[in-house]
Amino acid sequence: MPRFLRVGAPGKEKPAVLAADNSIRDLSLYIPDFAGEHLAPAVLGAVARRDLLQLPKLDSQVRIGPCVAGTTNFIAIGLNYFDHAREVGAEPPAEPIIFNKAPSCIVGADDDLVIPAGSQTTDWEVELAVVVNRDCSEVSKEHALDFVAGYCICHDVSERKSQIERGGQWVKGKSFKTFGPLGPWLVTPKDAGNIHAARLCLDVNGERMQDGNTSQMIFSVADIVSYVSQFMLLRAGDVITTGTPKGVGLSRHPPRYLKAGDSVRVSIDGLGVQEQRVVAHRSDARP
């Protein structure tokens, strides 16, 4: 099962693949990046059929960047798990709740998570994310999965005071620098297995905070892709993150939030693991 990833310094990542021996192999001779037209099923399929063990081996300690490039829309779905809706005292929504995360918040799976200046309410959310493979507009639920390049982990980091108390859109609390780790891997639908029976977990300092399953999703991936496409044109490389299960810090008694020095581990069956160090805000912080 090939697992696609992008490696290298921020802004200089190149495409790679995790081969059967768990080594990282360079794909840059065959594909310029996991972006745009290169996310098409035919392209990813052709890459996967190569003898991956014959490709150049890369340093196993290389930085892993976001697993997709060229994202123009970073869309999120709110309250999409029955157990999460219950824990916040909300009725399951009749239609998907859509909000934005700024694409500029996207970082690699293991990059530092920077607490915004003055924040005391930075929260965690493990989520399944969907990557779009081509222009997608007004598609039916029956054809929606044809527009999915693959799946990855998204840590939908959230600053609750900005999200809830500052008025207007949730995007205010969802788009700070480093608030959108994606990856480590992009896994195609063919290789992802039953994506609606996948376990999602998130640990803070080794303590399990979230332990859910995508079977608890209110709206399926096909529901979501079709629904979002009714309101906007999605492009290849766009990302839809599909909601979080119960266990967020906001809903704990008392609420619990991330602070500098914490470590976060995020995982979804078949999609790998993210590990982030939480660091204090600094004016020169960069992804």
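Considering only residues in region 168-205 that are free of Cβ contacts under 8 Å to residues at least 24 places away in the same chain and outside any helix (DSSP H, G or I), the one that is surrounded by the fewest Cβ atoms within 10 Å (Cβ to Cβ) turns out to be 168.
Of all residues in region 247-262, those that are open to solvent by 60 Å² or more (accessible area, probe 1.4 Å), within 19 Å of residue 127 (Cβ to Cβ) and out of contact with any helix residue (DSSP H, G or I) (no Cβ under 6 Å at 6 or more places or on another chain) total 1. Just name the residue that is surrounded by the most Cβ atoms within 10 Å (Cβ to Cβ) out of those in region 56-115 that are under 19 Å from the mean Cα position of the chain (by Cα) and charged (D, E, K, R). Among them, the one singled out is 101.
In region 232-243, the residues that are of a type in the set (Lys, Arg) form Cβ pairs under 9 Å with partners that are open to solvent by less than 10 Å² (accessible area, probe 1.4 Å), at six or more places apart or across chains, as follows: 235/132; 235/136.
Selection within region 117-143: residues that are within 18 Å of residue 234 (Cα to Cα) and either polar (S, T, N, Q) or at pLDDT below 95 (or both). The member of this set that is most open to solvent (accessible area, probe 1.4 Å) is 137.
Among the residues of region 114-138, those that are under 23 Å from residue 69 (Cβ atoms) and among the β-branched types (Val, Ile, Thr) comprise 114, 126, 130, 131, 132.
Pull up region 35-55, narrow it to residues that are surrounded by 15 or more Cβ atoms within 10 Å (Cβ to Cβ) and small (Gly, Ala, Ser), then point me to the one that is farthest from the chain's Cα centre (by Cα). Looking at residues that are surrounded by 15 or more Cβ atoms within 10 Å (Cβ to Cβ) and small (Gly, Ala, Ser), I get 48.
The values are calculated or read from the model by the stated rules, or taken from the named source; none is laboratory data. What you are looking at is a predicted structure, and each value in this text was computed from that prediction instead of being measured. Heads up, the Cβs are rebuilt from the backbone with ideal geometry, glycines too, and the neighbour counts pull from every protein chain shown. Side chains included, ligands, DNA and RNA excluded: accessible areas come from the protein's heavy atoms. Shrake-Rupley method; radii C 1.70, N 1.55, O 1.52, S 1.80 Å.
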